[in-house]
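The values are calculated or read from the model by the stated rules, or taken from the named source; none is laboratory data. In this text, all values refer to a predicted model and were calculated from it rather than measured experimentally. Every residue, glycine among them, receives a Cβ derived from its backbone with ideal geometry; neighbour counts consider all protein chains shown.
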Amino acid sequence: MSNNRLYDVTHLDLEPRVRSRLDDDQLDQVIVQFYRSDQYDAALLTQLDALCKEYGRRINVRFYSHYPNDAFDCANLRLLPHVCSLTLDCEETRGDLGALAGLAALTEFGLQIRIGNTPDILGLPNLGQLQELHVSQDKGPPLDLAPIARMPGLKKLSISAQSHNLRVLAEHAGITRLALHRLPAKTSLEMVSPMRGLRQLSVSFGSREAMPELHHQQLDSLEVLRVRGLAELDLGRFAALKKLYVADQAQLSQLALERAPLLEQLHLDNLTGLTGLTGLAASRLTQLRLIKTPGLDLLALIQQPLPPALSSLALWTGKRKIDALIDAEQQRLGLAKARGVF
């Protein structure tokens, strides 16, 4: 949502712009963001900190870009002692990231940097109170994830970095949403299955032909995005699955919906090798999106029996004449257009 992001704030308009969105629009959260160092000074950050003290996590403070020769100075963090939600998404940083230790109110933290040299950063004592954590690092020594075991309130976790002690996730009962990005092919996903609280999982990028070790009995939402080489996805490994989103998987040829009897929402996008989709008519689907699946005859699909509970549908081949025929058939059936992922 674009109207929850504030750019180019000044001393004069920071407070009214924040209040107009949080008080008048009743947005859940507003993001105040800066992409270079000349957009803020100590006075402006102090003013922003006062708003953070008042609104808590409803204000996310984000520092991003800060390209070379304009690195983010970590000393600025000392001016934000009341920030609850912070994102450092910078090309370059200077100074000590240990300054994070002074942020006593921090409960949501995103660290997305190109080069990191603080493998033990998650061990800072105040990070033990985190409820949401996103970590992305392109280069540098592997991050130690062991401190996650000392974050009992953590609910949302996203990891996109070389790391070790990934097995610590198996013992964390509180994480409900987990995103694993760019994991090496040899990294097993077996730590996911014992996570008792997990309900939403996203696996993206990286490479592997199959994920036989991945299964979960309580998971209700699964995303599989751009996992290079993935040729098999057995939905029977997720007995409670209700939502499935699969995108950019050229090698996946078959998907058996009868293996996921509780599935309600399905979104397949750019599955160029998919030739078989079984169990559709007998499924519980209420929403279906099939986008760029050239191996499936979508016109024939919409003319065959559809799930009885289906209420919204989006079928798109990219071929104008066929898509026009599909749209006409959809109007005849009285099915609404499905929009968005879910």
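A few remarks follow.
- Scanning the range 125-145 for residues that are in contact with an Asp or Glu (Cβ under 9 Å, 6 or more places away or on another chain), at pLDDT below 95 and either in a loop (DSSP other than H, G, I, E, B) or aliphatic (A, V, I, L, M) (or both) yields a total of 1.
- Among the residues making up the range 299-341, those that are assigned to a loop (DSSP other than H, G, I, E, B) and surrounded by fewer than 16 Cβ atoms within 10 Å (Cβ to Cβ) are 304, 305, 308, 309, 311, 318, 319, 334, 339, 340, 341.
- When residues of the range 248-261 are limited to those that are free of Cβ contacts under 8 Å to residues at least 24 places away in the same chain and in a loop (DSSP other than H, G, I, E, B), the one nearest to the chain's Cα centre (by Cα): 248
- Remark: residue 118 matches the filter, which requires a residue to be β-branched (Val, Ile, Thr), over 26 Å from residue 47 (Cα atoms) and either surrounded by fewer than 20 Cβ atoms within 10 Å (Cβ to Cβ) or free of Cβ contacts under 8 Å to residues at least 40 places away in the same chain (or both).
- Residues that are β-branched (Val, Ile, Thr) and surrounded by fewer than 18 Cβ atoms within 10 Å (Cβ to Cβ) within the range 287-298 comprise just one, 291.
- Search result, residues across the range 44-68 that are out of contact with any Leu (no Cβ under 9 Å at 6 or more places or on another chain) and under 22 Å from residue 21 (Cα atoms): 50, 53, 54, 56, 57
- Subset of the range 163-183 (residues that are assigned to a helix (DSSP H, G or I) and either farther than 19 Å from residue 224 by Cβ or among the hydroxyl-bearing types (Ser, Thr, Tyr) (or both)): 167, 168, 170, 171
- Test: residue 326 is over 29 Å from residue 212 (Cβ atoms), of a type in the set (Val, Ile, Thr) and in contact with a strand residue (DSSP E or B) (Cβ under 6 Å, 6 or more places away or on another chain): yes
- Where a residue in the range 20-48 is touching a residue at least 12 places away in the same chain (Cβ under 8 Å) and surrounded by fewer than 14 Cβ atoms within 10 Å (Cβ to Cβ) and its partner, wherever it lies, is of a type in the set (Ser, Thr, Tyr) and not in a helix (DSSP H, G or I), with Cβ under 9 Å and at least six apart: 36/65; 36/67
- Single residue of the range 253-276 satisfying the filter (buried (at least 20 other Cβ atoms within 10 Å of the Cβ) and among the hydrophobic types (A, V, I, L, M, F, W, C)) that is nearest to residue 207 (Cα to Cα): 271
- Of all residues in the range 308-334, those being under 29 Å from the mean Cα position of the chain (by Cα) and over 18 Å from residue 248 (Cα atoms) number 5.
- Only one of the listed residues (158, 163) is modelled with pLDDT of 90 or more and polar (S, T, N, Q). That residue is 158.
- Checking 107, 93 one by one, the residue that is in contact with a helix residue (DSSP H, G or I) (Cβ under 7 Å, 6 or more places away or on another chain), among the polar types (S, T, N, Q) and either modelled with pLDDT of 95 or more or surrounded by fewer than 18 Cβ atoms within 10 Å (Cβ to Cβ) (or both) is 107 and no other.
- When residues of the range 62-90 are limited to those that are over 22 Å from residue 29 (Cα atoms) and surrounded by fewer than 17 Cβ atoms within 10 Å (Cβ to Cβ), the one nearest to the chain's Cα centre (by Cα): 67
- Each residue in the range 1-50 was checked for being in a helix (DSSP H, G or I) and of a type in the set (Val, Ile, Thr), and 2 pass.
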